Structure formats: C-alpha cells, structure tokens
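Everything below concerns the one structure shown next.
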Amino acid sequence: MQSSSVLSRIGCTLAVKVIPGASHNEICGWLGETLKVKLSAPPVDGRANDALVEFLAETLGLPRRAVALVRGETARQKLVRIDGLALAEVKKRLVKAIKGGTRRPDAFGQINP
C-alpha cells in the first residue's frame with residue numbers, strides 16, 4: 001500500500017560570485033543567473049566561506065543551518081544550497097535586499113557607509 005502523503009523538501013541551489021576582502025558586506029546584484037556578493041572577510045582558512053553562509057542566511061531570514069556551501073571552497077565562483085525556500089522566493093528576497101540598499105555589518109561588526 002502506498003502512502004498518500006509525500007514528504008518533499010523545499011530548497012534550491014544558487015550560483016554566487018564572491019569578492020572577498022571588501023570594505024563591507026554587500027549584495028551587489030546579478031551577473032546573469034549568478035549573484036555577486038562582496039564580503040569583508042579575507043579568503044583565508046575558509047573565513048570568506050563562513051561569512052558568505054552567515055550573510056546569505058541573515059539576508060534571506062533563514063537560520064544559518066539552512067544555507068550550505070556545496071561547491072567552490074577555494075574559488076570565487078561558488079554553489080550554495082538553500083533549504084526552506086524555492087529559488088523564486090530566494091531571488092525575490094535578494095532583489096528586495098538589493099533595492100533596499102541593505103548592508104550588513106563587516107567582520108568587525110561595523111556598518112560602513
């Protein structure tokens with residue numbers, strides 16, 4: 001007998017181009033289907049990767065555990081998995097963050113102008 005309920009996991013993957021060592025954390029916009037993100041964290045010992053995951057989770061209003069790096073640990077081009085949101089909703093929230101001009105604190109907790 002088949003179950004009438006099917007569990008599905010909502011989620012998506014997102015291509016991201018990271019610019020580490022910037023003066024502040026910022027979502028810059030879209031390069032085709034790739035999101036461009038500036039991060040203040042340096043590309044040393046995975047610090048930029050951790051900052052990316054934390055920054056995207058905060059920007060999307062998700063817990064940190066819902067965002068994970070899938071590919072690109074040592075590259076600027078990365079693939080990120082986002083659990084709990086469909087790609088359309090992720091893009092909608094990111095566009096809102098871009099239009100709102102929101103900046104998040106840098107690695108030192110400062111919001112730069």
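Any read-out appearing in this document is the output of simple, stated calculations on the displayed coordinates, not a laboratory observation. Given the structure is predicted, the values throughout are model-derived calculations rather than measurements. No Cβ is skipped: glycine too gets one built from the backbone with ideal geometry, and neighbour counts run over all protein chains shown.
For segment 23-33, just list the computed ³J(HN,Hα) in residue order, Karplus coefficients 6.51, -1.76 and 1.60, θ = phi - 60°, integers in Hz, with x standing in for Gly and Pro.
3J(HN,Hα) across segment 23-33, in whole Hz: 6, 7, 7, 7, 8, 8, x, 10, 10, x, 9.
Taking 0.36 nm per residue of sequence separation and subtracting the Cα-Cα distance, how much length would be gained by fully extending the chain between GLU73 and ARG93, in nm to one decimal?
4.7 nm
Which peptide among 18-31, 51-64 comes first, and what is the full order, when sorted by highest mean count of other Cβ atoms within 10 Å? Working shown, then result.
Working: 18-31: 16.4, 51-64: 18.0.
Going from most to least packed, we get 51-64, 18-31.
Within 10 Å of each residue's Cβ, count the other Cβ atoms and sort ASP45, ASP83 from fewest upward.
ASP45, ASP83
For segment 11-102, what percent of Cα pairs sit more than 17 Å apart? Intermediate results must be reported in sequence, preceding the final value.
Values: 1727 of 4186 pairs.
Cα-Cα pairs in segment 11-102 separated by more than 17 Å: 41 percent.
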